[in-house]
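The values are calculated or read from the model by the stated rules, or taken from the named source; none is laboratory data. Everything quoted here is computed from the prediction, not taken from an experiment. Cβ sites come from the backbone with ideal geometry, for glycine too, and all protein chains shown count toward neighbours.
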Amino acid sequence: MSAFRNRMTITGLALCAVLVTAASTMAAATTTLTKEQISQDIIGKTLDAKRMGLSVKILYQNDGSVTMKFPFMSGSGTWSYSDNGICMLLTSGPRKGRTCVTFEHLGGNKYRNSEGIYFTVRK
């Protein structure tokens, strides 16, 4: 019985090692999008997200304009590329001012920005 327990313990430890390696590999798979990837995946598409519990739709237009629509308010301004993301300058709405974010692709049409906001890209 002791040999069986030893084999089960070794098997369990090996399985844990495999799971930890797989989890760290999956975490490393999410990398910051390049300008080219942002242009292809984000720009010109509607992004659906939640901000402070409210649904928000964000659209970074190809012409450099940006709009945000909440259920009872909206905002607009301009956007431009930064070194590794985009910056937007909202001139109206609840978040007036300049903010810069990067994006990570989480798989499928799911993304997260550097502010921790998860969103879905509508195709």
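The listed residues are Gly93, Gly53, Gly64, and the only one of them that is at pLDDT below 95, surrounded by 13 or more Cβ atoms within 10 Å (Cβ to Cβ) and over 17 Å from Thr31 (Cα atoms) turns out to be Gly93.
Being more than 15 Å from the chain's Cα centre (by Cα) and more than 13 Å from Ile38 (Cβ to Cβ): is that true of Met88 here? Don't jump to the end; show me each part of the working.
Details: more than 15 Å from the chain's Cα centre (by Cα): yes; more than 13 Å from Ile38 (Cβ to Cβ): no.
So Met88 fails the test.
Can you pull out every residue in the stretch 88-121 that is in contact with a strand residue (DSSP E or B) (Cβ under 9 Å, 6 or more places away or on another chain), in a loop (DSSP other than H, G, I, E, B) and not hydrophobic (A, V, I, L, M, F, W, C)? The answer is Gly93, Pro94, Arg95, Lys96, Thr102, Gly108, Asn109, Ser114, Glu115.
Mind listing just one residue for me: the one in the stretch 57-87 that is charged (D, E, K, R) and assigned to a strand (DSSP E or B) and, of those, nearest to Thr46 (Cα to Cα)? Ranking the qualifying residues of the stretch 57-87, first place goes to Lys57.
Could we say that Thr102 is in contact with an Asp or Glu (Cβ under 7 Å, 6 or more places away or on another chain) and under 14 Å from Asp41 (Cβ atoms) here? Lay out the reasoning, then the answer.
Details: in contact with an Asp or Glu (Cβ under 7 Å, 6 or more places away or on another chain): no; under 14 Å from Asp41 (Cβ atoms): yes.
Taking the combined requirement at face value, the residue does not satisfy it.
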